[in-house]
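Read through the structure below, which is laid out as structure tokens, and then see the notes.
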Amino acid sequence: MTIATWPVWAVIPLAVVLCLAAGLAAVLDAAVAPTRGSQPSTPVAETARLLRQTRRTTPAPDALLWRIGTAGPLVTALLMAVVIPLGDHVPARMEIGLVWFNALDVLLWAFWWMAGWGPNSILALVGGYRFLAQALAYELPLMFALTAPAAAASSLDVSVIVGAQSELWYVVQMPVAFVVFLGCLLGFTLWGPFAAPLAADIAGGVGTEPTGIDRLLLLAGRYALLVVGSAMAVALFLGGGAGPWLPAWLWSVVKTLAVLVPLLAIRTRVPLLRADRYMAVAWTVVIPAVLLQVLVVSIVAVAGGNGGS
Amino acid sequence: MGLSDVLARWATSRPHTLLVASPGTTATRLAVERWCRGRGAVLAASPNDADVLAVTEPADGVLASAVEELWRQMPDPRAQVRLAAGDDVECRLDQAVAELMTWRPETPPTREDEWVAGRADDEADGHDMSNMAGMDHDAHGAHDMGGTEMPGGLQMADRADDRDGLTLDAVPVALGPVLSCWPTGLVVDVVLQGDLVQQATVRPFDVSVVEDDTWPHHPAAARLDRAADLLALLGWAAVADEARDVRDLLLTSPDDESIGPRTDRVGRRVRRSHVVRSALTGLAVMAGSDARARLISWLSDDDFPIAPAASLEDIVALMVGRDLADARLVMASLPPDLSTLAPRRSMSGGHGA
């Protein structure tokens, strides 16, 4: 399929759509991962509650960095969404769209750290430390997992990668990269087993101090990142909007939901992983596995190219 | 105005409740949890996330000042409820939520920055900066940094050697008296470098403990309550909630047939979990049992579970050299019997609602 770009002004309604999608993700979260007292209308109640809440601050915070940190995840999600095709249209067609996505998830290091360091509060700081430790574990596997579809499609343009999956979806060809990508997605959204920076034993960690609109931005940003990450997984590994009968954009949405709902369901069902325990596994098992995957993909790509020409 | 009412109605449909349960007030605490279940409310982890502050009487000693501190930190709209033993918990909490619903923001806001106002009074006797629920930044009152005035008048953390030969900031922090899955009223002063506990000392316990016979009459429910706290600290929300459900079932209808199978299922999931194994094995070893062995015994229907007699000083000594998460798990896996520390006080009025 050929992927066309939308006009520039389309980013505004798309930003609204993404925020609504984040809200939908929150509703699905309450439905599939219920904790005591949660129901599908919970996100509406929580949003109303946070809009009504007054903002509090701590003594001597680094206010600028703190506000940047709490708003950062949502902004990152909006920026990441710009290169992800929805069906057969994409907001911006970048030749290096994959590198753009990677650069933004590296920016998240700064944002989550600033959210922990800004408020001048020991529990938030410990949350920030925990995030840095887990980021050290997931970042390299994520970068190598992103390289695999690029090697197979011989392009860094996400739209070209979607187009190159017309015969076979990449999830069949590179399952290890797919699984590692999803795991790292959980890592940078602080979700499920990687939610230690927001854990209850440090009274919410990075989420202890923000109140009111800051808290809303932080929590909404997490859901938006999950949605955008799932959409990226669909574009890179599940063929984008390809599929019979339904229009391409609807296929994109259906596939994104198919990736998103299991990720949401993981949240309460596994205990927290602590970075000091799994760091060794991340560096000695996951990175070699992903590198082997990239090697296999590259050999197949080169052999296929030689055979075709 | 119609929109404010709609917003208020939605906002108060899920009140976040910060519960300060004085030691021994188990019946009232369970009643508050039951109200939360029925109302769709949640228990908050920090005061910034809370709308309702529910305090069970008598919150005296260090808890009294802690409750004031928490109240000051809570953002508007907020409501406070003091629950005595014979109170109708549901009614009082519903009244608090109704108070929340009628709150409207004032312009300009009249709630001043209490920290700034309080600081002017405290200047003379060395600041007691509390910017966290239950984790206090004790400033070094006597330490002079040679004229470097940090923002807000707070002192910089002192530096000290750590175990790797580096010189890192050493921050004195107080764990407690109000913290989730922590014995309320207990304060452990730790010195953190990064998130490693370098020193830990326990403060003298000055909160009066209420005489309550919920746990002595239901030992199985008591074990499940302890297990649920430990599982919540491990971040395993689904299993912790299941343990709490079974605990409530044991207290309301102890002859229910599903209790045994459900407890077995929880125990099996915990036994098989690799994450729990790596987190708890070798942690808090006391009298030959580690935290994992104790957790598994709590989740079995063993009538005499492993409960080593450990003094507070021993428990706190196990925290040194561990990171903060491990230190919290140590305290949760060796829950101290606070009634032996302070003179008991019996509440008149019979059992709570």
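Among the residues of the range A:20-43, those identified as open to solvent by 70 Å² or more (accessible area, probe 1.4 Å) and within 17 Å of the chain's Cα centre (by Cα) are A:L20, A:L24. Of the residues A:V172, A:V160, A:V126, A:V179, the single one that is part of a helix (DSSP H, G or I), crowded, with 24+ Cβ neighbours inside 10 Å, at negative phi and β-branched (V, I, T) is A:V126. Only one of the numbered conditions (1) part of a helix (DSSP H, G or I); (2) under 16 Å from A:T76 (Cα atoms) is violated by A:L190, and that is (1). Scan the range A:64-74 and tell me whether some residue there is more than 14 Å from chain B (Cβ to nearest Cβ), in contact (Cβ under 8 Å) with a residue 40 or more places away in the chain, part of a helix (DSSP H, G or I) and closer than 30 Å to A:A248 by Cβ. So far as the range A:64-74 goes, yes, one or more of its residues are more than 14 Å from chain B (Cβ to nearest Cβ), in contact (Cβ under 8 Å) with a residue 40 or more places away in the chain, part of a helix (DSSP H, G or I) and closer than 30 Å to A:A248 by Cβ.
Listed here are the residues, each with its yes/no results for (1) closer than 14 Å to B:T26 by Cβ; (2) in a loop (DSSP other than H, G, I, E, B); (3) open to solvent by 40 Å² or more (accessible area, probe 1.4 Å); (4) touching a residue at least 24 places away in the same chain (Cβ under 8 Å).
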| site | (1), (2), (3), (4) |
| --- | --- |
| B:T184 | yes, yes, no, yes |
| B:A200 | no, no, no, yes |
| B:A222 | yes, no, no, no |
| B:V239 | no, no, no, yes |
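Regarding the range B:283-300, can at least one residue be identified that is closer than 22 Å to A:P34 by Cα and touching an Asp or Glu at 6+ places or on another chain (Cβ under 8 Å)? There is no residue in the range B:283-300 that is closer than 22 Å to A:P34 by Cα and touching an Asp or Glu at 6+ places or on another chain (Cβ under 8 Å). Of the residues making up the range A:1-58, those that are in a loop (DSSP other than H, G, I, E, B), within 14 Å of another protein chain (Cβ to nearest Cβ) and among the β-branched types (V, I, T) are A:T35, A:T54, A:T57, A:T58. The lone criterion from (1) of a type outside the set (S, T, N, Q); (2) open to solvent by 40 Å² or more (accessible area, probe 1.4 Å); (3) part of a helix (DSSP H, G or I) left unmet by B:G86 is number (3).
Restricting the range B:19-56 to residues that are open to solvent by less than 10 Å² (accessible area, probe 1.4 Å) and in a strand (DSSP E or B) leaves a set whose member that is nearest to B:H217 (Cα to Cα) is B:T56.
B:P308 meets each of the listed conditions (1) over 26 Å from A:D276 (Cβ atoms); (2) part of a helix (DSSP H, G or I); (3) open to solvent by 10 Å² or more (accessible area, probe 1.4 Å) apart from (2).
Of all residues in the range A:160-183, those satisfying the criterion of being more than 16 Å from the chain's Cα centre (by Cα) and over 17 Å from A:G243 (Cβ atoms) are A:V160, A:Q173, A:M174, A:P175, A:V176.
When the range B:254-311 is limited to residues that are closer than 19 Å to B:P219 by Cα and of a type in the set (V, I, T), the one that is farthest from the other protein chains (Cβ to nearest Cβ) turns out to be B:I306.
The values are calculated or read from the model by the stated rules, or taken from the named source; none is laboratory data. Predicted model, so just to flag it, every value in this text is computed and none were measured. Reconstructed Cβ throughout: ideal geometry from the backbone, glycine too, with neighbour counts over all protein chains shown. With ligands, DNA and RNA removed, areas are computed over all heavy atoms of the protein, side chains included. Shrake-Rupley method; radii C 1.70, N 1.55, O 1.52, S 1.80 Å.
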